[in-house]
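Take a look at the structure below.
The values are calculated or read from the model by the stated rules, or taken from the named source; none is laboratory data. Here the structure is a predicted model, which is why all the values come from computation and not from measurement. For neighbour counting, all protein chains shown are included, and Cβ atoms are generated from backbone atoms with ideal geometry for every residue, glycine included. When the accessible area is computed, the model is the full protein with side chains, heavy atoms only, and any ligands, DNA or RNA have been set aside. Shrake-Rupley method; radii C 1.70, N 1.55, O 1.52, S 1.80 Å.
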Amino acid sequence: MFVLLQDVQKHSVHTLVFRSLKRTHDMFVSDHAKAVALDDQSYKMKMAVKMRAEYKPVLHMPVLKEGRERGPLHASDPYGQLGYPLPGALPDYLVTGTHPYPSAPGVALTAETQMQKMPFLNSGLLPRKAPTMPKPQWHPPWKLYRVISGHLGWVRSIAVEPGNQWFVTGSADRTIKIWDLASGKLKLSLTGHISTVRGVAVSTRSPYLFSCGEDKQVKCWDLEYNKVIRHYHGHLSAVYDLDLHPTIDVLVTCSRDATARVWDIRSKANVHTLSGHTNTVATVKCQSAEPQVVTGSHDTTIRLWDLVAGKTRATLTNHKKSVRALVLHPRQYTFASGSPDNIKQWKCPDGNFIQNLSGHNAIINTLAVNSDGVLVSGADNGTIHMWDWRTGYNFQRIHAAVQPGSLDSESGIFACVFDQSESRLITAEADKTIKVYKEDDTATEESHPVNWKPEILKRKRF
Amino acid sequence: ILSRLQRSQSTALVSTRREPPPYGFRKSWVPRSLEDFGDGGAFPEIHVAQFPLEMGRKKRTSNALAVQVDAEGKIKYDAIARQGQNKDKVIFSKYTDMLPKEVLNEDDPELQKPDEEAVQELTEKTRSALEKQVSQKIAAAMPVRAADKLAPAQYIRYTPSQQGLAFNSGAKQRVIRMVEMQKDPMEPPRFKINKKIPRGPPSPPAPVMHSPSRKMTVKEQQEWKIPPCISNWKNAKGYTIPLDKRLAADGRGLQTVHINENFAKLAEALYIADRKAREAVEMRAQVEKKMAQKEKEKKEEKLRELAKMARDRRAGIKAHGGEDTEVRERDEIRHDRRKERQHDRNISRAAPDKRSKLQRDQDRDISELIALGQPNPRTSSEAQYDQRLFNQNKGMDSGFAGGEDEMYNVYDQPFRGGRDMAQNIYRPTKSADKDMYGDDLDTLMQSNRFVPDREFSGADHGPRRDGPVQFEEDPFGLDKFLEEAKQHGGSKRASTSGRSKDYDHEKKRRKE
């Protein structure tokens, strides 16, 4: 008779099942694709019996020449066997494929026809070499530390000056306001647009500020005189976003007329009209490496463009709903796109899909990314989700309160941007305020632990 | 067992397939059907069109693509997606393109941006290409300048393939001088570009990389079930349902209407009550009338008594004079007439506004007089002639007046005369604006309601006006001056004294 010293901890059936599943999974994760190792003797016996039973009448016939060539590899069987580990071959390589023989008779057997790499099984989180789950990097949580009010309408866009002294906001009250970054005080108000200002950008190469609005206007402001010096005329409908090329003096704007246009800054000429989208182009980003222009549209596609030819390089159709936000990673050669179903990460230059970041089930209006690997997604319902870029772990969710006087439904984030030092996050909101967030210094890994539970059970086919 | 094997060897089946005759023995043999080809292909030595495996026949145009195989031996299923495009265009069509990749380390070489030189090279290339585009666009818009200097003189050495003495007069090579043709700077554009043509077809759509849709559970499907709409008023075809067939038709129109008899009783009771009330009122009125009459009689009696007493008193005083009847009669007549005169005076004193009958008649309009039957009260016996017939100058003088236009001679007499002209002069009565302002205009005018309790500082409250034109106090002191002038009439020289006084005053004022 045994007396239990400790009480058995009671768990629910679900927990127990899950745990046993997890144990099994961990044990076999690296080699579950491999077949069970065969015993040599039993294998020989089986083959002999089988041959005698099924193929006895033809055993005397000569072996085909092609079969003989493969002879040294498949010692005793002329038919080859799927899944049998070849002696001397790497355990990673398995003979698979549509059929063991080459596709056409007479085709020479080469290394490519014989052995094919097995494609990855379900999860990309399980590399064959290292069967460990990637652990997300710890990031300190972000907290609100300043609310700036002054606009009389929704604040639709933000841009930070390259010298990190001030930032610009464009708003639905048709003004563009310049605020001091350190103190949050208003420095200047620019008027000129006749409808909502949807996009602002500050040039790093010249003292210009570019703005675009729902009145089809794209304006270039000279910051030394605070006046409009150029208009870029050509869009047929509201211009929703703009971006400047970092090295070439070229401006790209995207609009509700399903095109993006490339403008030469100095001469105001419309160099290329990037057409191909079938619905409003909501967001555009430019970079100096290929692909130079990336656009996301309400027809749920993302297009990567060739700036020289003005044609689409690749179309990414993975999203199921409108893509309203794009962001390029400052260090890596990757970018991310946001839509109400998922945020997806892609690899440049061809747009290879990397992974999904799911969990923020709201219309994502904006994305911003840090050099530390913090991805921020701001949604139309006022929530901000903070993600670890590499693993896709959502480490924080913020829903800031609206400014007193606003309705609770007036919470929404239209734009967010990190300042040049990447320590402050500035968001433009629908309650007519600008909110500034910074990292919480008092938090540590212990106070805000990482709860990384990647979903193992859900790796099933739909 | 071995013998059985040997026997099976001897009784081996012969294949029924017809093999073509081996090489060398095909002299007069022609393959006609598919089986004649056996395992292989066409026979080149037999000069007949052959279609082994039906290959090579002219097919009707079909949009089927030929099956292509890539380097690894796998069928290229995305040839459909790549139909009209460059073979190195990036198109994602495989299931593996949709699967998430493994999470790589941050400094993995795959995720790194291309190095600086590559980026710069790309930038240069792009910039130059864009410059070219921009300059083309600008040049198209700019005004005409001098002709571009195109001075290449390219020489090309060309070795033609057809050689011989006849071609090129025996020479082996030619030298060609290539010069760009001059463009006329003043030339207008050669082609019309204002034609609107429909856009060409877009590039073929990219394959849609969506995860397959999730399986619908029965529970979820049931959640979305919407019951069909059944209207209470319209049937399935859209026709209005008649009233008797409606869902809410519960036999409303079929029953006879039963009205409670108490309604009739109530109505009768009301009639009776009404009648009774009227009777009561009438009786009361009659009683009151009787009472009033009695009162009146009493009062009249009293008055008669008084009058009698007064008469008696007066008669009693006069009873001393002559008692003759004639004298009495004359006295009575004088008395009566005096009374009448007094009466008239009383009346006129008492009610001056009350017009006398005569005056009223005079102010009536002629249509009213006619209606009342008063304009012609006297009908004399003799024949009456219209006065307009007499004293007329007919003929030339009948109003024509010798062509004078300025004369106004339509009427020779005024219509009513000036007798009541005096009456028609406007005399404002005290209550002239009664209909506008009510009875108490004066109180309204003197009301102090609109004067503020506390006035604004600096506001001047001017003098209240009493009439339409308010004369202000004479600023120049003229009235005073005139008065003084009148006072000191001859003794002093009014002007000098006045003036000196004024000057003194002014001087004094200035000093002060």
Take the residues in the stretch A:351-373 that are away from chain B (no Cβ under 14 Å) and either in contact with a helix residue (DSSP H, G or I) (Cβ under 9 Å, 6 or more places away or on another chain) or among the hydrophobic types (A, V, I, L, M, F, W, C) (or both); name whichever of them is most open to solvent (accessible area, probe 1.4 Å). A:I363
Within the stretch A:314-322, is there a residue that is open to solvent by less than 30 Å² (accessible area, probe 1.4 Å), at the interface with another protein chain (Cβ under 7 Å from one of its Cβ atoms), more than 16 Å from B:V103 (Cα to Cα) and hydroxyl-bearing (S, T, Y)? yes
Which residues, taken from the stretch A:425-448, are part of a loop (DSSP other than H, G, I, E, B) and under 16 Å from A:S377 (Cα atoms)? A:A430
Of the residues that make up the stretch B:263-279, is at least one in a loop (DSSP other than H, G, I, E, B) and either more than 14 Å from chain A (Cβ to nearest Cβ) or of a type in the set (G, A, S) (or both)? no
Cross-chain or 6+ apart pairs with Cβ under 6 Å, the stretch A:374-392 first and more than 14 Å from every other protein chain (Cβ to nearest Cβ) and touching a residue at least 40 places away in the same chain (Cβ under 8 Å), then acidic (D, E) and open to solvent by 10 Å² or more (accessible area, probe 1.4 Å): none
Residue by residue through the stretch B:80-104, note down the ones that are surrounded by 12 or more Cβ atoms within 10 Å (Cβ to Cβ) and either at the interface with chain A (Cβ under 8 Å from one of its Cβ atoms) or over 60 Å from the mean Cα position of the chain (by Cα) (or both). B:K89, B:V90, B:I91, B:F92, B:D97, B:M98, B:L99, B:P100, B:K101, B:E102, B:V103, B:L104
B:M186 being over 49 Å from the mean Cα position of the chain (by Cα), away from chain A (no Cβ under 14 Å), in contact (Cβ under 8 Å) with a residue 40 or more places away in the chain and closer than 30 Å to B:A151 by Cβ: yes
Residue tally, condition in contact with a helix residue (DSSP H, G or I) (Cβ under 9 Å, 6 or more places away or on another chain) and assigned to a loop (DSSP other than H, G, I, E, B), over the stretch B:54-69: 4
The number of residues in the stretch B:110-133 that are of a type in the set (G, A, S), closer than 25 Å to A:A269 by Cα and either in contact with a strand residue (DSSP E or B) (Cβ under 9 Å, 6 or more places away or on another chain) or more than 7 Å from chain A (Cβ to nearest Cβ) (or both) is 1
Within the stretch B:105-112, does at least one residue satisfy the condition of being assigned to a helix (DSSP H, G or I) and open to solvent by less than 70 Å² (accessible area, probe 1.4 Å)? yes
Leading residue by the ranking (farthest from the other protein chains (Cβ to nearest Cβ)) among those in the stretch A:277-298 that are open to solvent by 30 Å² or more (accessible area, probe 1.4 Å) and under 20 Å from B:S203 (Cβ atoms): A:H298
Residue within the stretch A:36-55 that is modelled with pLDDT under 85 and assigned to a helix (DSSP H, G or I) present: no
Looking at the stretch A:171-186, I want the residues that are among the polar types (S, T, N, Q) and have a partner that is open to solvent by less than 40 Å² (accessible area, probe 1.4 Å) and part of a loop (DSSP other than H, G, I, E, B) with Cβ atoms under 6 Å, at least 6 apart or on another chain. Which pairs are those? A:S171/A:H151; A:S171/A:G153
Among (1) open to solvent by 40 Å² or more (accessible area, probe 1.4 Å); (2) touching a residue at least 40 places away in the same chain (Cβ under 8 Å); (3) touching a Lys or Arg at 6+ places or on another chain (Cβ under 9 Å); (4) polar (S, T, N, Q), which single condition is A:T191 missing? (2)
Could you check the stretch B:176-189 and list, in sequence order, the residues that are at pLDDT 90 or above and open to solvent by 100 Å² or more (accessible area, probe 1.4 Å)? B:R177
Do you know which of the residues in the stretch B:206-255 that are closer than 30 Å to A:T300 by Cα and of a type in the set (V, I, T) is most open to solvent (accessible area, probe 1.4 Å)? B:I226
